[in-house]
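No value in this document is a laboratory result; all are computed from the given coordinates. Quick caveat: nothing in here was measured; it's all calculated off a predicted structure. Glycine also receives a Cβ, built like all others from the backbone with ideal geometry; neighbour counts cover every protein chain displayed.
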Amino acid sequence: MTKTNPGNFFEDFRIGQSIRHATPRTVTAGDVALYNGLFGPRFAVQSSDVFARTIGYPRSPVDDLLVFHVVFGKTVPDISLHAIANLGYAGCLFRAPVYPGDTLNAVSEVIGLKENSSRKTGVVYIRSTGFKQDGSPVLEYVRWVMVQKRDATAEAPADHVPRLPALLDPKVLGAGCPPLDANAYDLVFAGSPHRHGDYHKGEKIDHVDGITVEEAEHQIATRLYQNTARIHFNQFAESKGRFGRRLIYGGHAISLARTLTFNGLGNAFHIAAINGGRHVAPIFAGCTLFAWSEVLDTSELPGRADVGALRLRTVATKDQPCADFPLKVHARAGQGPDPGAGADDDPAVILDLDYWVLLPR
Amino acid sequence: MTKTNPGNFFEDFRIGQSIRHATPRTVTAGDVALYNGLFGPRFAVQSSDVFARTIGYPRSPVDDLLVFHVVFGKTVPDISLHAIANLGYAGCLFRAPVYPGDTLNAVSEVIGLKENSSRKTGVVYIRSTGFKQDGSPVLEYVRWVMVQKRDATAEAPADHVPRLPALLDPKVLGAGCPPLDANAYDLVFAGSPHRHGDYHKGEKIDHVDGITVEEAEHQIATRLYQNTARIHFNQFAESKGRFGRRLIYGGHAISLARTLTFNGLGNAFHIAAINGGRHVAPIFAGCTLFAWSEVLDTSELPGRADVGALRLRTVATKDQPCADFPLKVHARAGQGPDPGAGADDDPAVILDLDYWVLLPR
Amino acid sequence: MTKTNPGNFFEDFRIGQSIRHATPRTVTAGDVALYNGLFGPRFAVQSSDVFARTIGYPRSPVDDLLVFHVVFGKTVPDISLHAIANLGYAGCLFRAPVYPGDTLNAVSEVIGLKENSSRKTGVVYIRSTGFKQDGSPVLEYVRWVMVQKRDATAEAPADHVPRLPALLDPKVLGAGCPPLDANAYDLVFAGSPHRHGDYHKGEKIDHVDGITVEEAEHQIATRLYQNTARIHFNQFAESKGRFGRRLIYGGHAISLARTLTFNGLGNAFHIAAINGGRHVAPIFAGCTLFAWSEVLDTSELPGRADVGALRLRTVATKDQPCADFPLKVHARAGQGPDPGAGADDDPAVILDLDYWVLLPR
């Protein structure tokens, strides 16, 4: 009997199963600095304690995606050690700001299972929640992931595909953002003159810039989150694998896309929720990422005059600028496994994310 | 009308124009750690809070060049998004120590403009000042940069080339260094037995060591400063550009050269001012940097018995050791755009920096 | 006369010589974050302040190996600037936990010298001790290193090879670990169900995972420790050297191996001592490291019911998984210079480490 983590195979999961994950993690100013060096975000709220305090935060909060990655990382040894692909996200809600010094842990529940017709794999639907040291939730999300079976002949549990929300209602947004003094929000310091009301539904923005990823960068980032998925770190094994090389953690693409959106959405300082997201193609070291966004909707938040929400679709590509707003139409966010590429799909698209951001009004 | 930052072209600048830059930035112990990992400085004052307190600092100050890079980074989106080359620096004065927890912001003034004869570009002279959260200045410097015109036929403002100081007077130095107890300065802990009085004018020092730069390193560093100049990050675009590859931020070379100078100048713990500096050739990932220095002058500081100043010229090369003190004679610091290479110029030289450092007396 | 550090050659050392090393270093949460990003350790005690406090630490201690590397780094400019090979370690004892904010310095004593028969080199035996700001020791160890002679004809001191302990007695272990409440130690959060009593002598564990090393990673790590050994950083020089490329700091392999052992030894949260260690082959960027461990012994600690000790042998390989527990039998830890490879030696082995770890009982 081995003492190493054998991981869970598809047939090991049960509907309703609750998994408390290992390795609580104190997030520090050091983690924030390294995240900044790896991605280069420029949102003033997260960059300056003074700016944050001026508008009503006690200090700069930790970048929402750093929180996401840390919580996600904890789930890997229990959920996705034998994953073939991370298929999608839904219902991701940021429920409280996180500050340096907070300690995060995570719990997951199995909410869906569906064996694939090959009987060699199955899709596991997981709702994960990140908590602070005091037990209060900071983040919850659902992801579904294709997991290997240990044994193709093993009996699988009955299929159960959960109903997932295609969209989070604006009414539930905002708990991750304290009440702010929007008048104290300095647009020059923030780097963009555009408040919430300056954006309109249907507006498209090419974020222009591109960022090339190096092996050392994605490895350092992914280890920072204590994400142990083997495919990101082991060139010896991956050289003989599907891609012949290390695959970059999908969350790396999300953080790069988020950074790129600053150019055009500089006041979208907080991700309130992710309605859905899909990694529609893998990325590798040497790729240059680009991104564009569409404003899918705008909304007020009930009872709040300080901030408003934009529902964005951000699409990232590899090695192709986004001036003509490329899409994979068959890979819309929040709709589960890709039903197959269509003639009008752009193969350069690697990420399709549908999410709510908050801006000062 | 786009919401992305269009940047300023040459014809957008006006003499006397004042620009308050975006993204105030709280500098943390995390930033310091990452800077240390990227460059490896060993000056005891910046390395040990105990050492710093023993001689009179409240704690270790942030490395002067990290302060410089953070302030510089803020100016990029407004000044040099359409830059072709960063031509030189002058009149750079460190006016106060910065400590972890301080929040920096920056303001620039346009002090000179000169269209080039091609009418496609022009040189912009900028005086930038970095401030702390309380509004007190920590750093000021002038740089001049060649910026594209949006439209070669556009009317350019009348030429105005500012008089720049070739040299900062020792009388203005020292505000970046609190009064110290030089007797408490431990030469063994500092790693060098040589105090201010041990150096003499004309002395040359080969700093011996070499450091090779990797793509991940310069990208992480430059993002840490929130410097968004595109040429450093986008291999897709640069593969078709001037150099066929990403150009390394010039400040990266300055920090590497500064680190190399520790070997020979281990007690030169503070850069008080930069009289002038020139990036005389680009550097790329894979280059190994070397450096040598000449003591151009030595000076007391008025009213201070604790520290004295050395005026140094530090020259850095790529892929060539510096035992024979190579130079580009036509590329002296502080003299504006390079008048052209001469027969006695060494093409390995990439940086020529003229600056004042402080050492304990 | 040069002001750069000439370093010490073999004939410069004297038995009994004491060397106080330069550059005291305050270890911060930033250093910890960068270490985490570079290696990805997941021991809960070091990851979560809350977890650490729950069992009796005042907060998360700094990773033992980060402390080791910082102390080691200080010794390089005085001991191993002219080193050809770091031959081995013995008698390494962690004597107190280190916390962010502590400032470390180091002192070494020359305890052995032996000229090699070529008269071109000699082996220097050094006992180094790391101290906190209050003068209390945190770490001591012996290493022996082959150092060049400046002049092969120079008279060398008489040979003196010290008796080194092959093994540290469990009685001396534990000062680096405060009294803990082992009942409060949460095995789920820690990521492993196996307490001290679950391991038995002779047990072998293949740690399964592999980690590929990039040039940027080992350079950033080694600079973080202010380790200036030239062979790690200077591709220009090394391209003409022994290996044609930069050699990775041996301590990098130790930290990677330690990280790999988490999978199978997740509760071995503290390295109490290193009995001996050997870098039996060099590693370079691009290598993928694997590791396996054998439990050489188990022991109680006198007077302590909270934690017990395991004596481990951890062997790391490059570009070869460890399912069949490869060895270099002629390269056992703690026995001095390699007596030569044997027919049953596996050339993939790069590190052989014999050490004591503590686990909750």
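Data table
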quantity	calculated
Shielding of C:16-26 by partner chains, average beta-carbon count, 10 Å	6
Where labels lie 7 Å past Cα in the beta-carbon direction, separation of B:His194 and B:Ala323 in nm	1.9 nm
Residues B:Cys287, B:Cys322, sorted so that the one with the fewest Cβ neighbours within 10 Å comes first	B:Cys287, B:Cys322
Among the listed pairs B:Lys149/B:Lys240; B:Lys3/B:Lys114; C:Lys74/C:Lys149; B:Lys149/B:Lys328, those beyond 26 Å (Cα-Cα)	B:Lys3/B:Lys114; B:Lys149/B:Lys328
FRET efficiency for C:Ser18 and C:Val161, using Cβ-Cβ distance with R0 set to 22 Å, rounded to 0.05	0.65
Taking chain A and dividing mean pair separation by its residue count, relative contact order in percent (alpha carbons under 8 Å, at least six apart)	20 percent
Separation of the B:Glu109 and B:Ala154 label points, Cα + 7 Å toward Cβ, nm	2.4 nm
Dipole-positive endmost among A:Leu187, A:Val161, A:Ala216 within the stretch A:136-216 (Cβ charges, Cα centre)	A:Val161
Cα-based shape type of the protein assembly as shown, given that a ≥ b ≥ c are square roots of the gyration tensor eigenvalues and the cut on a/c is 1.5	oblate
Counted charge near C:Pro179, where neighbours are those whose Cβ lies closer than 12 Å (Asp, Glu -1; Lys, Arg +1)	-1
Summed residue charge, Cβ within 15 Å of C:His21's Cβ, Lys/Arg positive, Asp/Glu negative	+3
Prolate/oblate/rounded call for chain B, Cα gyration tensor, a/c under 1.5 rounded	prolate
Chain A: angle of helix A:64-79 to the longest principal axis, Cα-based, in degrees nearest 10	10 degrees
Of all DSSP beta bridges in chain C, antiparallel share, percent nearest 5	100 percent
Dipole of chain A, positive direction: furthest Cα of A:Val27, A:Leu353, A:His279, with charges on the beta-carbon	A:Val27
Listed residue (C:Ala152, C:Ala323, A:Asn36) projecting farthest to the positive dipole end of the protein assembly as shown, Cβ model	A:Asn36
Sequence-separation-based contact order of the stretch B:186-340, relative, with Cα cut under 8 Å and 6+ spacing, percent	32 percent
Dipole magnitude (debye, nearest 20) for the stretch B:10-360, charges at Cβ of Lys, Arg, Asp, Glu	800 debye
Net charge, C:Tyr99 excluded, C-beta distance under 15 Å - Lys, Arg +1, Asp, Glu -1	-2
Within the stretch A:52-93, trypsin sites (Lys or Arg not before Pro) in DSSP loop having at most 11 other beta-carbon neighbours inside 10 Å	none
Distance between the stretch A:56-110 and the stretch C:17-71 - C-alpha centres, whole angstrom	24 Å
Angle in degrees between helix C:250-261 and the longest Cα principal axis of chain C, rounded to the nearest 10	20 degrees
Helix A:215-224 axis, angle to chain A major axis (alpha carbon atoms, nearest 10°)	90 degrees
Computed label-point distance, nm, for sites B:Ser136 and C:Ala305 using a 7 Å Cα→Cβ extension	5.7 nm
Debye, to nearest 20: dipole size of the stretch B:25-168, +1 on Lys, Arg Cβ, -1 on Asp, Glu Cβ	180 debye
Span from the the stretch C:130-153 Cα centroid across to the the stretch B:195-273 one, whole angstrom	31 Å
